[in-house]
Amino acid sequence: MEERYQPARIEAKWQRIWEEKKSFRVTEEPRLQKYYLLEMFPYPSGRIHMGHVRNYSIGDVIARYKRMRGYNVLHPMGWDAFGLPAENAAIERGVHPAKWTAENIAYMRDQLKKMGFSYDWERELATCDESYYRWEQLFFVEMFKRGLAYKKLSNVNWCDRCQTVLANEQVEAGRCWRCDSEVGMRELAQWFFRITAYAEELLEDLDRLGGWPEKVLTMQRNWIGKSVGAEIEFPIVGRQETLAVFTTRPDTLYGVTFVSLAAEHPLSLELCRGTAQEAAVKKFVEKVTKTGQSRRTADEAEKEGVFTGAYCVHPLTQEKLPIFVANFVLMEYGTGAVMAVPAHDQRDFEFARKYSLPVRVVIQPEGKHPNSDPMDQAYVDEGVMVDSGSFSGLPSAEGKERIATYLEEKGLGKKDVRYRLRDWGISRQRYWGTPIPILYCDGCGMVPVPEDDLPVVLPKDVEFTGEGGSPLAKLPKFYATTCPRCRGPARRETDTMDTFVESSWYFARYACPDETRAPLDKNRVDYWMPVDQYIGGIEHAVLHLLYARFFTKVLRDMNWVNVDEPFTRLLTQGMVIKDGAKMSKSKGNVVDPGFLIERYGADTARLFALFAAPPEKDLEWSDQGVEGAHRFINRLWRFAFQHRDAIIGVTADIRRPEKTVAAQSLRRRIHRTIKRVTEDIEERFHFNTAIAAVMELFNALTLAGKEEAVWREAAPLMKGGIETIIVLLYPFVPHFAAELWESLGHPEDLKTISWPAYSEEALEEAELTIVVQVDGKVRGKITVPGDAAQEFVESRALADPKVSGFIRGKTVDRVVQVPGRLVNIVLGR
């Protein structure tokens, strides 16, 4: 053992040993309880960042800890390797996406290995490999046959700069999540996954996810957005058809004063055709459809509209109601038409005020006279129904049900359930993604690529001009093909799949990445799935997690998996913050993990990332914190080096009872530390407090180690304390701990050592009887805990009733203690 801690040498040594021995390779062992630990896999951008370090350090602690508890742990790593940045790099730098991606993967893999993460690298996968996406294409074909994959004309979010469609979740404040350009609307023929077919199950099964953060569950419930209400028919004046609207508030039906349509509604232009309003409506529709949905629905957005010139009839009062096109009504919600109740919906209220439309109150708070006060905003809460025909006087909650039932009985509407969730648009007009395995034949229509012809391989010889659109559409040798049914000419689909498709099933493929005959080996998948602990950022609460849940249910129904949900527990770690902002290149506040490894070692970087904050909280970067973590590791190294000769031939023992008070107290602290660290990892993932407990134990050992008598009388306990610290720290700083363990004479690999167990008996505090003297004469006795501090013992002695009488009215000069035996109170003269 060298006197000086040398992280570069130590870390390289143990990484080499772990790789040579395949220390973290795992196979299915039915005799062992499995534990599947997974962090969200990264996009190969070229460099890992401190967010990666924190995320993967959290996962590595859990993985190493669970192995020491006897679990068969699957801890894999791979690459979410398709995506637009690779295509942008091809345009900007002239580097092919495949080459750019492969080079980035190689570099990042090396960085992750230098961090010492305990991955089973034999299970590594990259979603851009045809050995992966061929099975994704097979799933698509099966979904197409089942009606879960379909194509239709749709108004979609469109980014002009990226020349591609964006999902609603990829539009942030009206701008593209990738390039920050303004997003507009465009009508295109797009492929969709019918996620709405699973809407109710996706919603109900959230109640089964007790290991997920409530915040994420709430976000998913809101995104699915179940609404219970009624669909009501409003006859259109002068036409045979009716206008269907969906509402969650049928109790406000008598308050309707107009009807609003989405700009994309088929009747928006139809109703005004050939009228004086046609030009105005057309101009307004064109303006609105170029505006992103998030901007249209923002609370602060001005509510605008145009009258179509048409009217419909109120189904109960027979009143003629004007029909408007409004910018805040979306085709994706309900039927794309809403009954406007200005008195009880704030958006309708603002719209009515702007265009001088009637506001009719039909719900009043309990005990308030109808229309007693002028309204300055809509009343949106429940209350008592007023001016509502025979339903007046009913509580609004009861009125909802009564009016819906009445409409259904009269054939004027029906009870209905709608969801905010829309089908998942997966078409992307770009190259670097999984080709959609569909052919177009003039005679046969849309034809799925036969299974034997999969994969549809993404060609490498494409040209990137930066002009937008997919290069595949300009490559005849890719798109020109033969129909497998009629053998006539056919054209391949040139859209590729949204990259969220790849990340919606990768966790199942990790169970059997070497399977070549099928997408999944069901036996191995059944052993490992579901993932016991998933770790990733809160930003994926909707985008990725909802899609992964949906895809798992689809694979279940295809009989590829036997689970309903992919992830049993979810941990959403906080961000890494520096100078008050999230670390990012654009803000110039990035800390390079490579610099930390080179200067301090990977274990210091890991220790700081785990100690600075609880995993779910944001971590504020601190150079002083990194230095502090490094100092602690060096102090522990020096302590072990200084006392190595005193303990190298001693058998460690923290179980045997100790004779002295100091040794008893130290033994108790060791067992308390084991208990606390175990609970902090097992129950709460509070790694920061676990590390703090180990530091406190080390301080106690350091203090005890200053007494030669302790080494002479309790060397087994001292060695046991040192080894306990090493074992407890192993999941956090594995290279450092492994080297110390070996240096103390242990030939076996530390990763094979069982997690230490604490003794309930050792946790109990022994009580001591202390003699109290005043000026050398015995005046009383007190009982104190065995590990009581000297200040506590002194205060108890001074307060004892039998002693206090001898010192009342006198000055205490000093208090002398013989620890564990005697207190002598010396009075002033």
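The values are calculated or read from the model by the stated rules, or taken from the named source; none is laboratory data. Treat the numbers as computed from the prediction; the structure is a model and nothing was measured. All Cβ positions, even for glycine, are placed from backbone atoms using ideal geometry, and neighbour counts span all protein chains on display. All accessible areas refer to the heavy atoms of the entire protein, side chains included, with ligands and DNA or RNA removed. Shrake-Rupley method; radii C 1.70, N 1.55, O 1.52, S 1.80 Å.
So here's what we get for this one:
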read-out	value
Check on Gln33, of a type in the set (S, T, N, Q) and within 21 Å of Phe732 (Cβ to Cβ)	no
The lone exception for Ala663 - which of (1) crowded, with 18+ Cβ neighbours inside 10 Å; (2) closer than 28 Å to Ala605 by Cα it fails	(2)
Residue in the stretch 174-192 that is in contact with a strand residue (DSSP E or B) (Cβ under 9 Å, 6 or more places away or on another chain) and at pLDDT 95 or above present	yes
The stretch 707-749: number of residues that are over 42 Å from the mean Cα position of the chain (by Cα) and either charged (D, E, K, R) or assigned to a helix (DSSP H, G or I) (or both)	11
Val590 outside any helix (DSSP H, G or I) and over 26 Å from Glu683 (Cα atoms)	yes
Residues of the stretch 593-640 classified as of a type in the set (Gly, Ala, Ser) and without any contact (Cβ under 8 Å) to a residue 24 or more places away in the chain, total	3
Candidates Leu729, Leu798, Leu768, filtered to the one that is within 25 Å of Phe608 (Cα to Cα) and surrounded by 14 or more Cβ atoms within 10 Å (Cβ to Cβ)	Leu729
Any hit, the stretch 137-160, residues being in contact with a Phe, Trp or Tyr (Cβ under 7 Å, 6 or more places away or on another chain), assigned to a helix (DSSP H, G or I), among the aliphatic types (A, V, I, L, M) and surrounded by 14 or more Cβ atoms within 10 Å (Cβ to Cβ)	yes
Residues being open to solvent by 10 Å² or more (accessible area, probe 1.4 Å) and farther than 23 Å from Tyr71 by Cβ - total across the stretch 669-688	3
Residue count for the stretch 268-286, restricted to those that are without any contact (Cβ under 8 Å) to a residue 40 or more places away in the chain and either open to solvent by 10 Å² or more (accessible area, probe 1.4 Å) or in a helix (DSSP H, G or I) (or both)	13
Top-ranked residue in the stretch 161-174 [being touching a residue at least 40 places away in the same chain (Cβ under 8 Å) and of a type outside the set (A, V, I, L, M); ranked as nearest to Val563 (Cα to Cα)]	Glu169
Residues (open to solvent by 10 Å² or more (accessible area, probe 1.4 Å), closer than 27 Å to Thr252 by Cα and touching a strand residue (DSSP E or B) at 6+ places or on another chain (Cβ under 7 Å)) located in the stretch 204-228	Gly225, Lys226, Ser227, Val228
Ser392 under 27 Å from Gly305 (Cα atoms), without any contact (Cβ under 8 Å) to a residue 40 or more places away in the chain and not β-branched (Val, Ile, Thr)	no
All positions within the stretch 98-113 that are open to solvent by less than 10 Å² (accessible area, probe 1.4 Å) and either more than 23 Å from the chain's Cα centre (by Cα) or closer than 18 Å to Arg161 by Cβ (or both)	Thr101
Search result, residues across the stretch 9-20 that are more than 33 Å from the chain's Cα centre (by Cα) and not β-branched (Val, Ile, Thr)	Arg9, Lys13, Glu20
Residues that are surrounded by fewer than 20 Cβ atoms within 10 Å (Cβ to Cβ) and not in a helix (DSSP H, G or I), drawn from the stretch 81-97	Gly94, Val95, His96
Test: residue in the stretch 550-562 that is open to solvent by less than 10 Å² (accessible area, probe 1.4 Å) and touching an Asp or Glu at 6+ places or on another chain (Cβ under 7 Å)	yes
Flag for Phe806 being under 26 Å from His671 (Cα atoms) and in a helix (DSSP H, G or I)	no
Looking only at the stretch 801-829, and only at residues there that are surrounded by 11 or more Cβ atoms within 10 Å (Cβ to Cβ) and basic (Lys, Arg), the one that is modelled with the lowest pLDDT	Arg821
Residues satisfying the stated conditions in the stretch 170-203, i.e. surrounded by 15 or more Cβ atoms within 10 Å (Cβ to Cβ) and on the phi > 0 side of the Ramachandran plot	Gly174
Residue match in the stretch 596-610 (condition: open to solvent by less than 10 Å² (accessible area, probe 1.4 Å) and farther than 17 Å from Arg54 by Cα)	no
Every residue from the stretch 614-642 that is crowded, with 18+ Cβ neighbours inside 10 Å and part of a helix (DSSP H, G or I)	Val626, Ala629, His630, Phe632, Ile633, Leu636, Trp637, Ala640
Options Arg16, Arg67: the member that is in a helix (DSSP H, G or I), open to solvent by 20 Å² or more (accessible area, probe 1.4 Å) and touching a strand residue (DSSP E or B) at 6+ places or on another chain (Cβ under 7 Å)	Arg67
Verdict on Gly51 being farther than 26 Å from Ile577 by Cβ, in contact (Cβ under 8 Å) with a residue 40 or more places away in the chain and surrounded by fewer than 24 Cβ atoms within 10 Å (Cβ to Cβ)	no
Every residue from the stretch 33-48 that is open to solvent by less than 10 Å² (accessible area, probe 1.4 Å) and either small (Gly, Ala, Ser) or in contact with a Cys (Cβ under 7 Å, 6 or more places away or on another chain) (or both)	Gly46
Residue in the stretch 643-661 that is farthest from Val727 (Cα to Cα), counting only those that are in a helix (DSSP H, G or I) and in contact (Cβ under 8 Å) with a residue 40 or more places away in the chain	Val661
Count - residues of the stretch 780-800 that are acidic (Asp, Glu) and touching a strand residue (DSSP E or B) at 6+ places or on another chain (Cβ under 8 Å)	2
Scan of the stretch 532-549 for residues that are in a helix (DSSP H, G or I), in contact with a strand residue (DSSP E or B) (Cβ under 7 Å, 6 or more places away or on another chain) and surrounded by fewer than 20 Cβ atoms within 10 Å (Cβ to Cβ), ordered by number	Ile538
Selection count where residues are in a strand (DSSP E or B) and open to solvent by 90 Å² or more (accessible area, probe 1.4 Å), scope the stretch 779-795	1
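Residues checked against (1) of a type in the set (Gly, Ala, Ser); (2) part of a strand (DSSP E or B):
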site: Arg186; (1), (2): no, yes
site: Phe192; (1), (2): no, yes
site: Thr196; (1), (2): no, no
site: Leu206; (1), (2): no, no
site: Trp223; (1), (2): no, no
site: Gly229; (1), (2): yes, yes
site: Thr252; (1), (2): no, no
